[in-house]
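Okay, so here's the structure we're looking at.
The values are calculated or read from the model by the stated rules, or taken from the named source; none is laboratory data. Since this is a predicted model, take the numbers as computed values, not measurements. Cβ sites come from the backbone with ideal geometry, for glycine too, and all protein chains shown count toward neighbours. Areas reflect the complete protein model, heavy atoms only, side chains present, ligands, DNA and RNA absent. Shrake-Rupley method; radii C 1.70, N 1.55, O 1.52, S 1.80 Å.
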Amino acid sequence: MTSLVIQTAFLGDVLLTTPLLAVLAERHGPVDVVTTPAAAPLLETHPAVRRVIPYDKRGADRGIAGLRRLAGGLRAERYEAAYLPHRSLRSAALALLARIPRRVGYSDGWRVLYTEARPRPRDGHEIDRLLALADAAPRHQTLPTLQLSVADVARARALLGMETIRTPFAALAPGSIWGSKRWPHYAALAWRLVERLDVVLVGGSDDARLADGIVAGTRDAGASHHAVSLCGRLSLRESAAVIQEACVLVTNDSAPLHFAQAMGTPTVAVFGPTIPAFGFGPRGPRDVVVSVDGLACRPCSPHGPAACPLGHHLCLQSLSVDDVLHAIEETGALHSRD
Ligand code: SF4
């Protein structure tokens, strides 16, 4: 019988859950997944997934009525087991209301609503902590996975062609929903990079204004290469296709980092108020983390606050463009795809 996974957290968390989906699919066949409408396209094409069930918990399905309606639909599927990687009361209640007989969650979650509570490893990468939910041992350097369609790749390439982007090009992801995690020197980095190669800004429509400002700044550089913003102009999988085409992605500690991991693109990850030891860092063989050592206030929050509580934002302000350029060199990306 098909298992159900309920994962309604952020986009990055959904991608990090894909190795767990793969393990469950190996054991019992492809799984069904309840996730947010925003994250659904990340799983619709995934080989470990039979069906994606969008749960618009803040919109059409909000409140108890929406929860009961969705639970009723799930009940009809007669799932044998539900896996609950997100420590959310709503997810636990959904599995209970759907009368799924086996409900597997973490022991630091809503134990009273689970039938099995597995210890959540305190340390290690989030991918491995998620695998523990299925009692699966950490798999050495496992990365998230994302299946692109032919149309995703074609659309991404068409847009890159329309914008006269030449390979190799660098992708930059300057946004983050947490303000304090945004490295403030992307404009200066783009200015320096267009001396050597084209630059593509990636992100959602919320990042478009920031990216437009970065692109505008490069127009005075008088360089032979140019920068464009594709923020808000592509679907999630098309954005991943652009990242796949890039020779390197420079990103904050945010969702694009995990997209690059899934696409195997060398990643330079700039960490400020958070640290890779939280479990969300890059783990590809050519990835490089840029961060400041010896700052007493760092890390200051599990997610990164909206703004630096001390006002100086030294954790990211002090990381220079040269630091990031050095990290890009360290990945070898500028040379291997020349
Ligand atoms: S308190 Fe420290 S770690 Fe937190 S945002 Fe400010 S500078 Fe960064």
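Side notes on the structure shown:
- Glu238, sole failed condition from (1) assigned to a helix (DSSP H, G or I); (2) touching a strand residue (DSSP E or B) at 6+ places or on another chain (Cβ under 9 Å); (3) open to solvent by less than 40 Å² (accessible area, probe 1.4 Å): (2)
- Leu257 vs. criteria among the aliphatic types (A, V, I, L, M), over 20 Å from the mean Cα position of the chain (by Cα), assigned to a helix (DSSP H, G or I) and more than 12 Å from the ligand (Cβ to nearest atom): no
- Of all the listed residues (Arg166, Arg139, Arg129, Arg157), the sole one being basic (Lys, Arg), open to solvent by 70 Å² or more (accessible area, probe 1.4 Å) and not in a loop (DSSP other than H, G, I, E, B) is Arg157.
- Every condition in (1) modelled with pLDDT of 95 or more; (2) surrounded by fewer than 21 Cβ atoms within 10 Å (Cβ to Cβ); (3) hydrophobic (A, V, I, L, M, F, W, C); (4) assigned to a loop (DSSP other than H, G, I, E, B) is met by Leu146 except one, and the failing one is (2).
- All positions within region 278-302 that are within 9 Å of the ligand (Cβ to nearest atom) and aliphatic (A, V, I, L, M): Val292, Leu295, Ala296
- Val250 of a type in the set (A, V, I, L, M, F, W, C), outside any loop (DSSP other than H, G, I, E, B) and either touching a strand residue (DSSP E or B) at 6+ places or on another chain (Cβ under 8 Å) or within 12 Å of the ligand (Cβ to nearest atom) (or both): yes
- For region 309-338, filtered to residues that are within 10 Å of the ligand (Cβ to nearest atom) and under 23 Å from the mean Cα position of the chain (by Cα), the residue that is surrounded by the most Cβ atoms within 10 Å (Cβ to Cβ) is Cys315.
- Pair list, Cβ under 7 Å, 6 or more apart: region 310-330 residue in a helix (DSSP H, G or I), other residue of a type in the set (D, E, K, R) and within 9 Å of the ligand (Cβ to nearest atom): Cys315/Arg298
- Enumeration of residues in region 201-235 that are in contact with an Asp or Glu (Cβ under 8 Å, 6 or more places away or on another chain), within 14 Å of Ala173 (Cα to Cα) and either outside any loop (DSSP other than H, G, I, E, B) or open to solvent by 20 Å² or more (accessible area, probe 1.4 Å) (or both): Leu201, Ala227, Val228, Ser229, Gly232
- With respect to the conditions (1) open to solvent by 40 Å² or more (accessible area, probe 1.4 Å); (2) out of contact with any helix residue (DSSP H, G or I) (no Cβ under 6 Å at 6 or more places or on another chain); (3) within 16 Å of the ligand (Cβ to nearest atom), Ala306 falls short on a single one, namely (2).
- Evaluating Phe280 against the criteria (1) touching a helix residue (DSSP H, G or I) at 6+ places or on another chain (Cβ under 6 Å); (2) loosely packed, with under 14 Cβ neighbours inside 10 Å leaves one unmet condition, (2).
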